[in-house]
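Worksheet: one structure, shown below.
Bear in mind that the values in this text are calculations on the coordinates, not laboratory data. Since this is a predicted model, take the numbers as computed values, not measurements. FYI the Cβ positions are ideal-geometry reconstructions off the backbone, even for glycines, and counts take in every protein chain you see.
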Amino acid sequence: MASYRDQVKNDYFEWLYKYGCKGRINDKVSYRKLFMLLHEINFDFYIRNDLNRAVDGMDLRYRFAATRRVENIHDILDDPCSVLEMMLALAITCEETIMEDSRYGDRTGQWLWNMLKSLGVSYMTDDRFDRKIATKKIYDFMEHRYKPNGRGGLFYIPDCKEDLRNEEIWTQLCWYLGQFE
């Protein structure tokens, strides 16, 4: 029988998975393996301001706890921010603070899947999942081993004049969204 701590951790992953896949999954398509890998890998960063992305990711734990009435969530979910938490928190922040538009509804999933596509892993359903390739792509992103225009990172900007590898994730997001104005 699973401990309370293990049950909360499992419930939290399910909450992240459903939040990230909202409107994108059905009974026949699963991205659990990809999401699990993204959640197993700690979000490491080399640009100081990307600490803010890690903090936002860890703050998702409090949002989850509020929906489940879990107390002392910081004692239960005490791991560093995962890549999944960072990416999902960024997608939520993008939708709730920059791009919210009632005409389109909640597009959090769209922002997350755009990042997964740029990263090069959006096609990895459970039946097409390659752990080795996905792991390499995730670490290439975190270590800024992607194209200057962002391909292989979180945000691909085809005609970007700047080298996105030198910019914090928030700046990359803002420039990415700016191309749609």
Worksheet item: List the lysines whose alpha-carbon lies under 23 Å from that of Lys28, not counting same-chain residues fewer than 8 positions away?
Response: Lys18, Lys117
Fill in: Largest-first principal axis extents of the Cα set of the chain (Å)
54, 35, 34
Worksheet item: Which ³J(HN,Hα) values, rounded to whole Hz and listed in residue order, are derived for segment 71-88 from phi using the Karplus coefficients 6.51, -1.76 and 1.60 in 6.51 cos²θ - 1.76 cosθ + 1.60 with θ = phi - 60°, glycine and proline given as x?
Response: 8, 6, 4, 5, 7, 8, 9, 10, 6, x, 4, 8, 4, 4, 4, 4, 5, 5
Worksheet entry | Sequence-distant residues sharing a close amide H with Ser82 (under 5 Å, placed H) | Phe43
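May I ask for the net charge around Arg5, where only other residues with Cβ less than 14 Å from the Cβ of Arg5 are counted and Lys, Arg are +1 while Asp, Glu are -1?
With Lys, Arg at +1 and Asp, Glu at -1, the net is -3.
Indicate the gyration tensor shape class of segment 103-154 (rounded, prolate or oblate), computed on the Cα atoms with a ≥ b ≥ c the square roots of the eigenvalues: a/c under 1.5 is rounded; otherwise a/b larger than b/c is prolate and the rest oblate.
Working: a/c = 3.01, a/b = 1.31, b/c = 2.29.
Oblate.
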Discussion item. What percentages make up the Cα-Cα pair-distance distribution of segment 142-181 when the bins are 10 Å wide from 0?
Written reply: 35, 59, 6
Worksheet entry | Backbone HN-Hα couplings from phi across segment 36-52 [Karplus 6.51/-1.76/1.60, Hz, Gly and Pro as x] | 4, 4, 4, 7, 6, 8, 5, 6, 9, 9, 10, 9, 3, 5, 5, 4, 4
Worksheet item: Which net charge results for the neighbourhood of Gln172, defined as the other residues with beta-carbon distances under 14 angstrom from its beta-carbon, given Lys and Arg at +1 and Asp and Glu at -1?
Response: 0
Worksheet item: Can you give the net charge of the other residues whose Cβ lies under 15 Å from the Cβ of Val55, counting K and R as +1 and D and E as -1?
Response: -4
Discussion item. How big is the dipole moment of the chain about its Cα centre under a simple scheme where the beta carbon of each Lys and Arg is +1, that of each Asp and Glu is -1, and everything else is neutral? Debye, nearest 20, please.
Written reply: 640 debye
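Beyond a 20 Å Cα-Cα separation, which of these cross-linked pairs lie in this structure: Lys132/Lys161; Lys22/Lys137; Lys33/Lys137? All intermediate terms of the calculation are to be shown ahead of the outcome.
Values: Lys132/Lys161 32 Å; Lys22/Lys137 24 Å; Lys33/Lys137 15 Å.
Check vs 20 Å cut-off fails for Lys132/Lys161; Lys22/Lys137.
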Response to the item:
With the 8 Å Cα cutoff and a minimum separation of six or more residues, the chain has a relative contact order in percent of 23 percent
Worksheet entry | Angle between the chain longest axis and helix 169-178 axis [Cα atoms, degrees, rounded to 10] | 60 degrees
Response to the item:
Expected vector for segment 54-70, Karplus 3J(HN,Hα) from phi with 6.51, -1.76, 1.60 and θ = phi - 60°, integer Hz, x for Gly and Pro, equals 5, 4, 4, x, 5, 5, 4, 4, 6, 5, 4, 4, 5, 6, 10, 6, 8
Worksheet item: Want the number for Arg128 to Leu177: 0.36 nm per residue separation, take away the alpha-carbon distance, what's left?
Response: 14.7 nm
Worksheet item: How far apart, in nm, are the 7 Å Cα→Cβ label points at Asp140 and Arg32?
Response: 2.8 nm
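Determine the calculated [θ] at 222 nm for the chain from helices alone, applying -39500 (n - 2.57) to every DSSP H run no shorter than 4 residues and normalising by the residue count; nearest 500 deg cm²/dmol.
Values: 8 runs with 94 residues, N = 181.
It comes out at -16000 deg cm²/dmol, rounded to the nearest 500.
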Fill in: Cβ-placed point charges (K, R +1; D, E -1), dipole of segment 1-56 about Cα centre in debye, nearest 20
200 debye
Practice prompt. Take Asn49, project a point 7 Å from its Cα along the Cβ direction, then tell me which residues of segment 137-181 have their backbone nitrogen under 11 Å from it.
Written response: 167-175
